[in-house]
Amino acid sequence: MKYLDFLQLFEDGGGEGGNAGGAGAGSGTQGNSGSNAGGASYSFEQAEEIANARADRASRAALANYFKQQGMTEEQVTQALADFRQKQQSQQPNVSQITQERDAAQKELADYKNKDTLRSKGVADSYMDFVLFKVGGMVSDKKPFDKAADEFLKANPQYKGGSYRVSTGTQGGGSGTSQNTNDMINNNIRNAFRR
């Protein structure tokens with residue numbers, strides 16, 4: 001018979017005792033309500049802690065009794081209880097790890113949504129991470145990501161589109177245009193240094 005099966009058996013067999021305990025608990029509750037009027041009160045956390053401690057003691061006593069009935073010595077009972085507790089704890093979920101995984105997944109989802117928002121506003125992929133970081137720093141309770149992105153892109157329009165354009169001040173075409181453009185840029189630089 002397994003430990004958990006025994007607990008179920010103990011619980012099923014103790015139905016009458018449980019009712020008697022329930023009646024006792026009910027009368028105790030009535031007594032406590034009278035003492036509550038006198039000033040003593042318990043918080044929900046304290047009551048839960050007391051209930052858990054009592055349930056733990058009852059579980060330990062039931063298991064110890066069962067193991068003794070199976071012919072185990074006190075040392076074997078202690079070891080069996082320790083093994084049971086260890087197995088029980090190993091089956092408990094790691095809440096902090098699950099919370100971290102959830103938070104990471106929520107952040108990743110938010111980043112995908114924010115990147116889609118920036119793409120729809122014309123931000124090039126080459127600037128995406130930088131703009132995402134900058135806009136993310138502007139987000140607050142009163143300013144959602146969408147409005148912060150509009151504000152940032154209005155102040156920094158160079159992040160919209162894919163590339164910069166250098167204006168040389170001339171228009172035209174042909175094979176000599178690139179040479180003329182370079183000459184013009186060089187002349188503009190020289191003239192700037194002469195001033």
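Inclusion of V139 among residues that are at pLDDT 85 or above, β-branched (V, I, T) and in contact with a helix residue (DSSP H, G or I) (Cβ under 6 Å, 6 or more places away or on another chain) is warranted.
Looking at the structure I just gave you, is V95 β-branched (V, I, T) and either out of contact with any Phe, Trp or Tyr (no Cβ under 8 Å at 6 or more places or on another chain) or loosely packed, with under 11 Cβ neighbours inside 10 Å (or both)?
Judged against the criteria, V95 is a match.
Checking the range 168-190 against the condition returns no match, with no residue being over 30 Å from F67 (Cβ atoms), exposed (fewer than 13 other Cβ atoms within 10 Å of the Cβ) and at pLDDT 85 or above. If only residues of the range 98-129 that are under 18 Å from E151 (Cβ atoms) and polar (S, T, N, Q) are counted, the one that is surrounded by the fewest Cβ atoms within 10 Å (Cβ to Cβ) is S120.
The values are calculated or read from the model by the stated rules, or taken from the named source; none is laboratory data. As the structure is a prediction and not an experimental result, all values here were calculated from the model. All Cβ positions, glycine included, derive from the backbone under ideal geometry; neighbour counts span all protein chains shown.
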